[in-house]
Amino acid sequence: MRHIPTVAGRELRSLFVSPVAYGVLSLFSILGGVFFILYVAEFSEWVFRLQQMQAAQQLEDLNLSDHLVNGFYGSMSMVLLFLIPGVTMGLFTSEKANGTDELLLTSPLTIWDIVLGKFLAASAFVALLTAIVGMFPAILFLYGDPELGKTLSGLLGVLLVGWTYAAIGCFASSLTRSQVLAFLITFVILLCILLVPAMADLGIAGGAPGIAELLRWLSTGAHFDELSKGLVDTSDLAYFAVIIGVFLCMTKAVVESVRWR
């Protein structure tokens, strides 16, 4: 396990050598700014209309956390759905393309050193993206009074969603030699996870309540929504831990199968 930081550092250096990291960071920052400005403008317009209608009770019920920050977090978590596959697509495929996968697998490193090291690198990059997200609500504390607890728990939700997407991206990257195919596999899996509640609602579960409930549980959206409301429940935290753990174990199995071919 002591080699994990070494593998992660190597992966991060290779990530920032390529233009992918800078492109993702730039695009994410621009989109974050655009969405934040749109939500601020919408909130200001809403306040202005309520003031014109002299709706004192509705004005009193308005708050930045529920009507601005939550929506912003939700939009940025959707942006991660498109950007994380671009970050993780080269984690294992680049090793295969450069012919360094055999050297890596025959080194003294264990499979878990390799898998966890690469996942740690992707997680560090996701943490950087989350820090960018957190900069925008931080501005509101200078001019307003959003709820600190909800702001931080929502930010935790963005981070956990990003880590979950990164674990799925690791798995997809271990399956193929093509970065494009790894991107598509990751995106399809993430899209399926996003749409499973709709499958349950449409009755695809065949009317079985247990299966419908399982499909809803598998969606990151429901657990993220709870965190964005300020409800930090151990069941939601356990969900992210289980999904990340399952995909990392599957990644380990795929990499190990390559080692013994």
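The values are calculated or read from the model by the stated rules, or taken from the named source; none is laboratory data. Note that this is a predicted model, so its numbers are computed, not measured. FYI the Cβ positions are ideal-geometry reconstructions off the backbone, even for glycines, and counts take in every protein chain you see.
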* Can you find a residue in region 99-116 that is buried (at least 24 other Cβ atoms within 10 Å of the Cβ), assigned to a helix (DSSP H, G or I) and at pLDDT below 95? -> yes
* **Unique match (being of a type in the set (A, V, I, L, M), surrounded by 12 or more Cβ atoms within 10 Å (Cβ to Cβ) and either within 18 Å of S123 (Cα to Cα) or at pLDDT 90 or above (or both)) among L62, L91** => L91
* Asked: Taking interchain pairs and intrachain pairs at least six residues apart, which have beta carbon atoms under 9 angstrom, with the first residue in region 71-99 and within 25 Å of E42 (Cα to Cα) and the second assigned to a helix (DSSP H, G or I) and among the charged types (D, E, K, R)?
  -> G71/E42; G74/D225
* To do: Could you please tell me which pairs satisfy a Cβ distance under 6 Å, a separation of 6+ or placement on different chains, a first residue in region 1-25 that is on the phi < 0 side of the Ramachandran plot and outside any helix (DSSP H, G or I), and a second residue that is surrounded by 12 or more Cβ atoms within 10 Å (Cβ to Cβ) and hydrophobic (A, V, I, L, M, F, W, C)?
  => H3/L109
* Qualifying positions in region 80-98 - in a loop (DSSP other than H, G, I, E, B) and of a type in the set (F, W, Y) -> F92
* region 181-214: number of residues that are modelled with pLDDT of 75 or more and hydrophobic (A, V, I, L, M, F, W, C) -> 15
* **Members of region 145-202 that are crowded, with 18+ Cβ neighbours inside 10 Å and small (G, A, S)** => S153, G154, G157, G162, A166, A167, G169, A172, S173, S174, A182, A200
